[in-house]
Amino acid sequence: MKEEVEKSIEGIRLLLQGHGGDVRLVSVDEATGKVEVELQGACNGCPHAAQTLKMGVEAKLMEDVSEVKEVVAV
């Protein structure tokens with residue numbers, strides 16, 4: 001599962017980097033489906049970061065990797 005998440009995040013990173021941001025995978029809990037990420041660059045502290053996390057990063061990860069149940073920023 002972690003490899004699938006990493007592959008999906010690489011695609012997401014390209015989009016975020018186009019806006020001055022980035023995302024880094026922190027951890028994947030295969031038992032619960034929880035993925036922890038760190039928003040970086042322009043995404044860190046951005047007023048739209050929560051939307052980016054839920055409607056962008058989480059939605060794409062859940063679409064690409066069926067085992068993902070939740071994505072949280074740390």
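The values are calculated or read from the model by the stated rules, or taken from the named source; none is laboratory data. This structure is a prediction, so every number in the text was calculated from the model and none was measured. A quick note on method: Cβ atoms are made from the backbone with ideal geometry, for glycine too, and the neighbour counts reach across all protein chains shown. Note: areas computed on protein heavy atoms with side chains; ligands, DNA, RNA excluded. Shrake-Rupley method; radii C 1.70, N 1.55, O 1.52, S 1.80 Å.
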(request) Would you tally the residues in segment 23-73 being farther than 16 Å from Glu10 by Cα and polar (S, T, N, Q)? (result) 4
(request) Taking Glu10 as meeting all but one of (1) open to solvent by less than 60 Å² (accessible area, probe 1.4 Å); (2) part of a helix (DSSP H, G or I), write down the number of the exception. (result) (1)
(request) Give me the pairs, please: first residue somewhere in segment 44-64 and in contact (Cβ under 8 Å) with a residue 60 or more places away in the chain and within 21 Å of Thr32 (Cβ to Cβ), second residue anywhere and among the small types (Gly, Ala, Ser) and assigned to a helix (DSSP H, G or I), beta-carbon distance under 9 Å, and either six or more positions apart or on two chains. (result) Asp64/Ser8; Asp64/Gly11
(message) Suppose we filter segment 53-71 for residues that are assigned to a strand (DSSP E or B) and open to solvent by less than 30 Å² (accessible area, probe 1.4 Å); how many remain?
(response) 1
(request) Please find, within segment 16-52, the residue that is surrounded by the fewest Cβ atoms within 10 Å (Cβ to Cβ) out of those that are among the hydrophobic types (A, V, I, L, M, F, W, C), at pLDDT 90 or above and not in a loop (DSSP other than H, G, I, E, B). (result) Val26
